[in-house]
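First comes the structure, then the notes that go with it.
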Amino acid sequence: MSQPTYKRVVLKLSGEALAGEQGFGLSPQIIKSVAEQVKEVVELGVEVAVVVGGGNIWRGKVGSEMGMDRATADYMGMLATVMNSLALQDSLEKCGIQTRVQTSIEMRQVAEPYIRRKAIRHLEKKRVVIFAAGTGNPYFSTDTTAALRAAEIEADVILMGKNNVDGVYSDDPKTNASAVKYDTLSYLDVISQGLQVMDSTASTLCMDNDIPLIVFSIMEEGNIKRAVSGEAIGTVVRRTI
């Protein structure tokens, strides 16, 4: 059995990753695959928190481009993340994993409000905690949510599962065949080179709090387990390299 390198992790999933090839909505196969991979990690004794985006249902940026008030568009995006979180919770519990959804916007009929100490207690009891509704504030992405929650719960690492790439590249590998994949990067490299890993607010927050980031493909079965076991997959981003 693989021995985990990390004790407590934040798994960041984009909404698009849950949509699969259809690009919109939810793919039952993808959600089931993610749930089964998370189960593998939990059974290793790793404490797992999850942050899910909402881009498969609604993107606040699209709404603002339509002329919608930016704050309103972002709040709609937060609600989309709740839908994804509830779907993932259902799939995890079908796998026998106790799960709690905590939302930054209170909606007690469907989830707990986010309380840091309660979230840590759930993790200590080996429950998976899904952080939904972003930070609860417009103008902040779910990447920033992942960085913020990782700092708050003192996570060892952020695992960023992608559906379209297997790491960080110098350019889009789909349009540029000469794009180079990085094995390791510093957060300063990410910010200065404008690499599309996470937004600058999230990158700065991770850098300031010395939280490493592993970017990898979520589409390959077993990659979450490989990441927490310390295998060399994807791209590792640190404060310094």
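Each reported figure results from applying straightforward, stated rules to the coordinates on display, with no laboratory input. The structure presented is a predicted model; accordingly, all values stated were derived computationally and were not measured. Heads up, the Cβs are rebuilt from the backbone with ideal geometry, glycines too, and the neighbour counts pull from every protein chain shown.
Tabulated data
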quantity	calculated
Linear extension gain, Met66 paired with Gln98, 0.36 nm per residue minus alpha-carbon span	7.5 nm
Lys/Arg +1, Asp/Glu -1 at C-beta; the chain dipole; positive extreme among Thr142, Ala17, Val101	Val101
Value of relative contact order over the chain, rounded to a whole percent, pairs C-alpha under 8 Å and six or more apart	23
Considering only the chain, percent of DSSP beta bridges that pair antiparallel, nearest 5	15
Net charge, Gln37 excluded, C-beta distance under 13 Å - Lys, Arg +1, Asp, Glu -1	-1
Proximal lysines relative to Lys174, as straight alpha-carbon distance under 18 Å, when same-chain residues fewer than 8 apart are discounted	Lys162
Backbone HN-Hα couplings from phi across region 236-241 [Karplus 6.51/-1.76/1.60, Hz, Gly and Pro as x]	9, 10, 10, 4, 9, 10
Given charges at beta-carbon only (K, R positive; D, E negative), |dipole| of the chain in Debye	700
Arg117-Lys181 FRET efficiency (beta carbon distance; Förster radius 45 Å; 0.05 resolution)	0.70
Spin-label pair Glu154/Ser217, simplified geometry with 7 Å Cα→Cβ offset, distance in nm	3.7
Prolate/oblate/rounded call for region 12-138, Cα gyration tensor, a/c under 1.5 rounded	oblate
Sparse-neighbour loop sites [trypsin sites (Lys or Arg not before Pro); region 23-112; at most 11 other C-beta within 10 Å; DSSP]	Arg108
Taking all pairs of distinct alpha-carbon atoms in region 70-195, Kirkwood radius in angstrom	16.6
The chain - mean residue ellipticity at 222 nm from DSSP helices (-39,500 (n - 2.57) per run, n ≥ 4, rounded to 500)	-11500 deg cm²/dmol
Anisotropy class of the chain from Cα gyration tensor, a/c 1.5 cut	rounded
Charge tally in the Cβ shell below 9 Å around Ser91, where Lys, Arg are +1 and Asp, Glu are -1, Ser91 excluded	-1
